[in-house]
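*Asks:* For reference, the structure I am asking about is given below.
The values are calculated or read from the model by the stated rules, or taken from the named source; none is laboratory data. Please read these numbers as outputs of a predicted model, since none were measured by experiment. Cβ: placed from backbone, ideal geometry, glycine included. Neighbour counts: every protein chain shown.
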Amino acid sequence: MHDRPGMEKALDLLHAELEGGRSATKLTTWAAWLAFMRFARQRFATAPTPDSDGLLFQYGTYAFSGQPRFTVDLTRQFDIGDGRGEHDHYVQVHCELRYECEPDLDALGSFDSWFFHDANADLDEWFAAMERHLEPVLTRRPSEINVYEEPV
């Protein structure tokens, strides 16, 4: 664990994966997904507990920024402990891909799925399952990409 980057580096590492020499605003959904998978494979210096390093894949039509958008949210969540090693809060690093609303996207409804690195699950199987959910937007270019970090 000592050779793993600290969680405070996660946002910068996600930006680096997404940009890869190009502007993140020019990414297709497929390119953003590939970047997120590379980011998700990187391990960070987290506590050795099953819920300390999680991935969340979710989508739905939401009006977070005023105008309804179909949003795919690719999230990394870290458990942050207090001085005694007890849970204090979480930090989430998000890559939100937003699309203009269209009937075929709205018809998808909403979906979410979690993966935790230290819970003895297979990451490649989870990626494959999530990719099937991404199929309706894989060849599209998001109208907006929002990458940010927040405590929750």
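*Asks:* Of all residues in region 102-127, how many are over 27 Å from Ser143 (Cβ atoms) and exposed (fewer than 11 other Cβ atoms within 10 Å of the Cβ)?
*Replies:* Summing the residues that are over 27 Å from Ser143 (Cβ atoms) and exposed (fewer than 11 other Cβ atoms within 10 Å of the Cβ) in region 102-127 gives 4.
*Asks:* Given (1) in a helix (DSSP H, G or I); (2) at pLDDT 95 or above, where does Phe115 come up short, assuming only one miss?
*Replies:* Going through (1) in a helix (DSSP H, G or I); (2) at pLDDT 95 or above one by one, Phe115 breaks only (1).
Each row is one residue, and each column tells you yes or no for (1) farther than 23 Å from Asp3 by Cα; (2) not hydroxyl-bearing (Ser, Thr, Tyr).
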{"site": "Arg41", "(1), (2)": "no, yes"}
{"site": "Pro50", "(1), (2)": "no, yes"}
{"site": "Ala63", "(1), (2)": "yes, yes"}
{"site": "Thr71", "(1), (2)": "yes, no"}
{"site": "Arg76", "(1), (2)": "no, yes"}
{"site": "Trp114", "(1), (2)": "yes, yes"}
{"site": "Glu135", "(1), (2)": "yes, yes"}
{"site": "Thr139", "(1), (2)": "yes, no"}
{"site": "Ile145", "(1), (2)": "yes, yes"}
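*Asks:* Count, please, the residues in region 87-102 that happen to be modelled with pLDDT of 95 or more and not in a strand (DSSP E or B).
*Replies:* The total comes to 0.
*Asks:* Anything in region 131-146 that is at pLDDT 95 or above and part of a strand (DSSP E or B)? List them, or say none.
*Replies:* Across region 131-146, there are no qualifying residues.
*Asks:* Ok, one more. List pairs: first in region 85-99 and free of Cβ contacts under 8 Å to residues at least 40 places away in the same chain, second not in a strand (DSSP E or B), Cβ under 7 Å, 6+ apart or cross-chain?
*Replies:* Pairs that qualify, where the first residue is free of Cβ contacts under 8 Å to residues at least 40 places away in the same chain and the partner is not in a strand (DSSP E or B), are Asp88/Asp82.
*Asks:* When you go through Ala45, Ala40, Ala128, Ala35 one by one, which is the residue that is in a helix (DSSP H, G or I) and within 19 Å of Pro151 (Cα to Cα)?
*Replies:* Ala40
*Asks:* For region 26-75, which positions are polar (S, T, N, Q), touching a Lys or Arg at 6+ places or on another chain (Cβ under 8 Å) and within 18 Å of Asp104 (Cα to Cα)?
*Replies:* Within region 26-75, Thr29, Thr61, Thr71 meet the criteria.
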